[in-house]
């Protein structure tokens with residue numbers, strides 16, 4: 001059957017996922033993973049004498065010799081179409097391959113959600129560790145950029161307009177600081193996210209006998225997952241937290257991408273995506289070099305944020321299980337997770353090849369005609385006449401310079417109140433760029449030195 005989803009497109013699918021992450025969510029691996037969980041569960045149940053040991057051995061033998069191929073998938077699909085039950089087709093397919101009546105003991109006393117939630121925890125455990133590695137790689141690139149441009153002066157902007165000077169290293173350090181918090185979040189969520197689901201039909205574990213809690217603990221240990229204190233079939237905050245962390249991670253990528261997107265504008269020209277020869281920006285405008293990666297970081301992030309909002313809706317459950325909420329996770333969690341993986345991959349590529357035009361940064365500061373130093377002059381004057389009065393004087397001087405199309409320095413030197421209170425050398429000092437960036441460099445150092453991977 002030909003796929004209609006863009007993520008499965010032969011042409012465009014690579015824009016939405018990476019092979020490393022996609023493989024975790026492929027149908028073949030999902031079905032194989034579900035069966036493996038059923039096998040491990042049967043082995044644990046046999047140890048606690050809930051099912052015959054012979055049944056567990058045969059179920060394991062069947063799994064070890066099983067090929068999850070198109071034939072099996074079509075068999076399960078036909079049963080799903082017939083029964084409209086998401087799992088009975090798979091159970092029947094395995095049962096028919098087991099010897100005699102051993103397959104009768106598959107999923108004894110448990111339900112679909114026990115298997116599917118547990119499998120999702122197993123997958124997200126692997127992905128979480130992978131994303132930590134990816135973020136560390138991004139952080140190393142950001143550290144390198146921040147160190148290299150610790151003292152590279154550029155125009156700081158608020159509301160899209162020139163404000164006062166900062167350093168590019170400082171800007172990069174804010175990205176680094178944010179990403180390191182995301183790394184910490186991925187570390188901290190481990191014990192909440194990587195949790196077994198073994199609840200039975202309603203969560204009470206009544207079907208697993210008096211040692212049900214020990215059964216669950218043993219099952220969890222076999223899967224290298226945490227054992228919950230209570231069943232969580234209707235409690236979906238674990239997965240909502242995961243998606244919201246992904247939304248924050250991709251939003252930081254989007255923030256960086258949007259910054260590069262804006263600073264790549266030819267009239268600004270301070271940053272550029274690394275250009276690969278042969279890349280086409282437009283089929284009608286041959287000269288275009290578009291910030292394609294930066295743009296796509298935004299596309300991916302918007303979609304992940306949407307899925308995170310959807311997942312918050314799933315926190316509202318009816319009673320002990322609510323298929324309306326639960327089953328939508330089968331769609332949104334794999335998609336959001338794959339999109340986040342692609343975002344991290346693209347951001348790594350973007351930072352590796354990022355072009356920094358420090359000369360243009362300096363030119364853009366000079367293009368402000370000195371207005372970028374207005375705060376420095378106002379604060380110095382405030383020491384002599386008070387802040388509000390100083391603000392009014394410098395404000396009027398700024399407006400006058402703009403109206404007359406004069407440089408800010410010309411107006412300041414000619415201003416009677418200001419020129420009477422400062423010497424020529426002092427006024428010249430107000431316009432020295434090397435003194436205008438505050439403690440940007442020092443804060444950059446603090447962030448770089450705070451990164452610690454021993455945790």
Exercise. Does residue 445 qualify as being within 38 Å of the chain's Cα centre (by Cα), outside any helix (DSSP H, G or I) and closer than 29 Å to residue 146 by Cα?
Worked result: no
Exercise. Given the structure, is residue 130 modelled with pLDDT of 95 or more, surrounded by fewer than 20 Cβ atoms within 10 Å (Cβ to Cβ) and over 29 Å from residue 202 (Cα atoms)?
Worked result: yes
For this session: Of all residues in region 297-318, count the ones that are surrounded by 17 or more Cβ atoms within 10 Å (Cβ to Cβ) and more than 14 Å from the chain's Cα centre (by Cα).
Result: 3
Exercise. Of the residues that make up region 138-151, is at least one buried (at least 19 other Cβ atoms within 10 Å of the Cβ) and closer than 30 Å to residue 317 by Cα?
Worked result: no
Exercise. Can you name the residue in region 319-333 that is surrounded by fewer than 13 Cβ atoms within 10 Å (Cβ to Cβ) and at pLDDT 90 or above and is also nearest to residue 239 (Cα to Cα) among such residues?
Worked result: 331
Exercise. Is it true that residue 401 is touching a helix residue (DSSP H, G or I) at 6+ places or on another chain (Cβ under 6 Å) and in a helix (DSSP H, G or I)?
Worked result: yes
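Every residue, every condition in (1) in a helix (DSSP H, G or I); (2) within 23 Å of residue 38 (Cα to Cα); (3) not assigned by TED's automatic domain parsing to the domain that holds residue 348, yes or no:
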{"residue": "172", "(1), (2), (3)": "yes, no, no"}
{"residue": "217", "(1), (2), (3)": "yes, yes, no"}
{"residue": "231", "(1), (2), (3)": "no, yes, no"}
{"residue": "242", "(1), (2), (3)": "yes, no, no"}
{"residue": "247", "(1), (2), (3)": "yes, no, no"}
{"residue": "252", "(1), (2), (3)": "yes, no, no"}
Exercise. If we scan region 181-195, do we find a residue that is surrounded by fewer than 18 Cβ atoms within 10 Å (Cβ to Cβ) and more than 25 Å from residue 309 (Cα to Cα)?
Worked result: no
Problem set entry | Conditions (1) assigned to a helix (DSSP H, G or I); (2) over 30 Å from residue 141 (Cβ atoms); (3) at pLDDT below 90; number of the one not met by residue 434 | (2)
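One line per residue, one yes/no per condition, for (1) modelled with pLDDT of 95 or more; (2) surrounded by fewer than 16 Cβ atoms within 10 Å (Cβ to Cβ):
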site	(1), (2)
33	yes, no
40	yes, no
62	no, no
68	no, no
78	no, yes
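The values are calculated or read from the model by the stated rules, or taken from the named source; none is laboratory data. Keep in mind that what you see is a predicted model, and the values were worked out from it rather than measured. For neighbour counting, all protein chains shown are included, and Cβ atoms are generated from backbone atoms with ideal geometry for every residue, glycine included.
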